[in-house]
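Report on the following structure.
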Amino acid sequence: MPPKKPKAVTTIPDTLIREIGDRLSEGKRVRRTLPMDGRLHIDRTLPFLVVYRRPHKQPDIGTDELVKGEASYLIAPAGPRHKPGLSKLVRTAAAVLSGKFGAFMIIEIMSSSNNHPGNNTAQGIPNPLFRVHISTLRPPAKAAEALEQSLKRITILKRKVQVEEIKGKTFSAPGLPPLLTGAEILELNCFMIGLEVPPVYRESAAGDIFPLLLRRLRRGLGRAIKKAVFEFAHEHTSHRPLNYQSLGRRAVVKAVWDIDTQMAAISNSFDFLLMVTPVNIDSAWAKFNRSRFQQVPVLYYRPLPVSPEFLKRRLYEIPIERMEDPTLEFLFREKRTELDRKITMMVDRGKPQFLYGGLQLYGAVSDELSVSAKEILTRVPPRSHDESTRNSLDSLQFAKRAEEEIDFYRQTYADIPCKVQVLDDTVGLMVSRGNLYVSKQLRVPLTRVEALIQHEVGTHIVTYLNGRAQPFQQLYCGLAGYDELQEGLAVLAEYMVGGLSRPRLRLLAGRVLAAHYLVSGASFVETFRELNRTFGFDQRTAFTITVRIYRGGGLIKDAVYLRGLVHLLKYLGEGGDLEVLFVGKIAAEHIPFIRELQYRKVLRPPLLFPRYLSQPQIKDKLKRLENGLTPLDLIERRK
């Protein structure tokens, strides 16, 4: 006879419950797999637990994903056989944590079986109605109100959700036996909230998941839960979180580190800017000049060092869905999309579709930005002595000065791998992966040396090093869309050290107009002529601007310098914090996410700040920025 299969464990062993209670008493993290695909995750001692009980006799696909992003959650089966062990586990956790904080709250999540009287539908999904269940005997009033108000801000397929509050005398979620008796709730000073969630994230109870809806709902629901717990903690417990976001997860699962490593490896396997930068700028200029500016130059590029198909296959094999952290998952998915587009663009060099990839990466040039660029070129004369080359540094001298600046930061961060290299086949200055590349033909006016040092080293290299000091490699590889904020911050650094000249601002405006002409269908020669004849750029400068914009088939990245500066000035004028921008290579849209991760102590404060921020005279300029300036305001005092 074949051996009998061992019976599945259906209840939580007392030994495991005691072990969990002991770990909580010692203030340790708890992450345990429970019988019947259950899980308990308590990131650290906190005065709440989010519970999801999987229905006993019907599928409930996707609902468990709604709680996995919380710092303290329990997933367990709801069958009657599992009830004794589950109640004992909850009672043990509540006793320890209520004893520590003075009170404890349980928020139980379940999917609605009948979403609205009549089960009205729109666009093929149930009406998005949340039901909040609270007991009239011990209502956590402020927590419930915060939960409801935050839920009302959620939108699903462009529709605001509805929230209904239901009061009763029971302490259990509807349709489920109580986790704790009324006497236990009073004894342990527990408070209960039941939350029915509309299952808009799936086609039916056993049907297909709508993954994008599920992710969006999980983020909104997680925010609402944290705001409710924040109010509860301040009203009923000794715990005093500084911000509701600090109630999120601190520990991350191993999958996060694995995913970060894989993403960084792909990101570091190619240098996008080098791959789309021509290697024959000087010879192309000579030929263009000999043709009396009539013949479009032929540009050549470095061969690709990677297989695009192989990279994309690796990229989409990364299981980002295993991260269990909605914020990190969102940031990593964004980065994956950006890497995908960059890989495609490298293949599309020289083809018309290259331009469309650039538009997806960097965004179009808005009419408002084009008007601002024209205003700068109109109001600032093309002839200026601000950047006289009579007194200047050559490429080797500038490289030495840059190395001295990097050495300054080694006093704080000894393990700096960054190097400065002088190259024949690059244009101007470029920082890539923390290294500064200097064109051999470069000459820098003395009046611009410090400005460019703070642009390249004080911004690009400092944020790279700060990103390396963070636990995630994406902070130095760069989160999706980081270029705009990086370049805006770098240009602001030029202003801070008194080196933002009128020719420099005109150059940034010229790049915007060149990008505008490109997207509008102008040819290389037509754009060159506009810059040279209409706006007064000398022929070599007009050529360099045009080449940078038309390279590869049309790369509008250079428009982000002025756009980044405009948006940064607006941010600072509205009271935005400057220091958070140096945490790594991030986009402006990521500031709330970075703040959240800092509150959760997942990210650290920046290790380094630009040297200029420590100078006494900088306070006046920072104060001036609070008034809300425009790019033209930054140079008006230089007239």
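The values are calculated or read from the model by the stated rules, or taken from the named source; none is laboratory data. From a predicted model like this one, the values you see are computed outputs, not experimental measurements. All Cβ positions, glycine included, derive from the backbone under ideal geometry; neighbour counts span all protein chains shown.
Okay, here's what the table says:
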item	result
Inter-residue pairs, beta-carbon under 8 Å, first more than 16 Å from P326 (Cα to Cα) and in the stretch 202-215, second surrounded by 15 or more Cβ atoms within 10 Å (Cβ to Cβ) and among the aromatic types (F, W, Y), 6+ apart	R202/F210; E203/F210; I209/Y201
Among the residues listed as E187, E165, the single one being more than 26 Å from D325 (Cβ to Cβ), part of a helix (DSSP H, G or I) and without any contact (Cβ under 8 Å) to a residue 40 or more places away in the chain	E187
First in the stretch 514-541 and at positive phi, second anywhere and not polar (S, T, N, Q), Cβ under 6 Å, 6 or more apart	G536/P382
Condition check for V444: aliphatic (A, V, I, L, M) and under 31 Å from the mean Cα position of the chain (by Cα)	no
Members of the stretch 586-621 that are outside any loop (DSSP other than H, G, I, E, B), surrounded by 14 or more Cβ atoms within 10 Å (Cβ to Cβ) and of a type in the set (G, A, S)	A588
Pick from the stretch 195-220, criterion basic (K, R) and either in a strand (DSSP E or B) or touching a Leu at 6+ places or on another chain (Cβ under 9 Å) (or both), ranking: farthest from S135 (Cα to Cα)	R202
Where V497 falls short, out of the listed (1) within 21 Å of F609 (Cα to Cα); (2) crowded, with 24+ Cβ neighbours inside 10 Å	(2)
Every pair of residues 6+ apart whose Cβ atoms lie under 7 Å, when the first sits in the stretch 269-282 and is among the small types (G, A, S) while the second is outside any loop (DSSP other than H, G, I, E, B) and surrounded by 17 or more Cβ atoms within 10 Å (Cβ to Cβ)	S269/L311
Conditions (1) within 31 Å of the chain's Cα centre (by Cα); (2) farther than 15 Å from V229 by Cα; (3) modelled with pLDDT under 95; number of the one not met by G69	(2)
Hits in the stretch 414-428 (condition: surrounded by fewer than 19 Cβ atoms within 10 Å (Cβ to Cβ) and assigned to a strand (DSSP E or B))	Q421, V422, L423
Residues of the stretch 384-411 satisfying the condition of being modelled with pLDDT under 90 and surrounded by fewer than 14 Cβ atoms within 10 Å (Cβ to Cβ)	H385, S388, T389, R390, N391
Any hit, the stretch 307-318, residues being closer than 28 Å to K601 by Cβ and surrounded by 14 or more Cβ atoms within 10 Å (Cβ to Cβ)	yes
The lone exception for G248 - which of (1) more than 20 Å from A103 (Cβ to Cβ); (2) surrounded by fewer than 23 Cβ atoms within 10 Å (Cβ to Cβ); (3) under 32 Å from the mean Cα position of the chain (by Cα) it fails	(2)
Residue, farthest from N268 (Cα to Cα), within the stretch 429-443, restricted to residues that are buried (at least 16 other Cβ atoms within 10 Å of the Cβ) and touching a Ser or Thr at 6+ places or on another chain (Cβ under 6 Å)	L442
Candidates Q474, Q470 - the one that is surrounded by fewer than 24 Cβ atoms within 10 Å (Cβ to Cβ) and closer than 30 Å to R250 by Cβ	Q470
Yes/no for L423 being of a type outside the set (F, W, Y) and closer than 18 Å to P445 by Cβ	no
V229 vs. criteria crowded, with 17+ Cβ neighbours inside 10 Å and assigned to a loop (DSSP other than H, G, I, E, B)	no
Output for the stretch 238-292, where each listed residue is in contact with a strand residue (DSSP E or B) (Cβ under 8 Å, 6 or more places away or on another chain) and β-branched (V, I, T)	T277
Matching helices (runs of 4 or more DSSP H) fully within the stretch 261-368 where at least 2 residues are over 28 Å from G564 (Cβ atoms)	281-290, 308-317
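Yes/no per residue for (1) buried (at least 22 other Cβ atoms within 10 Å of the Cβ); (2) at pLDDT 90 or above; (3) charged (D, E, K, R):
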residue	(1), (2), (3)
K167	no, yes, yes
F171	yes, no, no
T181	no, yes, no
V197	yes, yes, no
Y201	yes, yes, no
D208	no, no, yes
